[in-house]
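**Q** The structure's right below; bear with me while I get my questions together.
The values are calculated or read from the model by the stated rules, or taken from the named source; none is laboratory data. On a predicted model such as this, the values are computed, not experimentally measured, just so you know. Here Cβ is always computed from backbone atoms with ideal geometry, including for glycine, and neighbour counts include all displayed protein chains.
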Amino acid sequence: MPEPQTSLGVAHFLAQTDTVGTALLVLLLAMSAISWVLIAIKGLSQAVRARRSEQFLRMFWNARSLDEVNAEIATHGARDPFSHLAAHAMHAQAHHAKYGAARLSEAGSAQDFVTRTIRKVLDEENTRLENGLTTLATIGSTAPFVGLFGTVWGVYHALVAIGMSGAGTLDKVAGPVGEALIMTAIGLAVAVPAVVAYNAFSRGNRVLNGKLDAFAFELLTFLSMGQALQSAERPQQGSMPSLHAVAGA
């Protein structure tokens, strides 16, 4: 009676692989888990950050004065990059007005001190936005090579086993070699989502950084104007111009 053919596939490949092949597979699975966790965390945080930023900017441009903005931040806290930037900038101006240049970090005029504070906050926000992107880029660039290494290792062991058995027919060669290609497929499946997510998050960060830079310029202008903002073309008694109206003047 003919011998029953052994079914080929992922299960057979995993059963026949050695310690190196198993370690490479575990590494790829770990890389996939890490990338999906990062994608979920950063995707959720980006959506929440965008919603909170939109709410704060709407409140900021409709505010009647920076004091109103400061009171709103003190009540609800700085929960997005724009409110974080505004809170630090206004605190820096109040601190310099009260204590002056007591240290080297506070040297110069109030505008110089506020400008340095704004730059520092922008750097902090950019660093916070970049968290996790290096890991995604590393996974996206190395996962295909890890899978390729697993394929090469699998083909090597398959050819050695075929040579030792002395059976060099096509069915004995094609099956094990085809199974070894599973590692390359897994590596590509791990890399593609990581690369797509990295590009999407990088673009979102560039857009947000551009908006932050523009907002920082407007904020510095308002802080430099000081009381002139309050007295700029007062309308009828009982109403004051909003920050958005002053900015467009």
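**Q** Being part of a helix (DSSP H, G or I), farther than 24 Å from Met31 by Cβ and either modelled with pLDDT of 70 or more or not polar (S, T, N, Q) (or both) is the filter here, so list the residues in the range 145-166 that pass it.
**A** Answer for the range 145-166, where residues must be part of a helix (DSSP H, G or I), farther than 24 Å from Met31 by Cβ and either modelled with pLDDT of 70 or more or not polar (S, T, N, Q) (or both): Ala158, Leu159, Val160, Ala161, Ile162, Gly163, Met164.
**Q** Follow-up. When you check Val69 against the structure, is it in a helix (DSSP H, G or I) and closer than 17 Å to Ala216 by Cβ, yes or no?
**A** yes
**Q** While we're looking at this one, here's another question. For residues that are of a type in the set (A, V, I, L, M) and farther than 28 Å from Glu130 by Cα, scanning just the range 46-68, find the one that is modelled with the highest pLDDT.
**A** Ala63
Condition check ((1) modelled with pLDDT under 90; (2) of a type in the set (Val, Ile, Thr); (3) surrounded by 12 or more Cβ atoms within 10 Å (Cβ to Cβ)) across all residues:
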residue	(1), (2), (3)
Ile34	no, yes, yes
Lys42	no, no, yes
Ala110	yes, no, yes
Thr134	no, yes, no
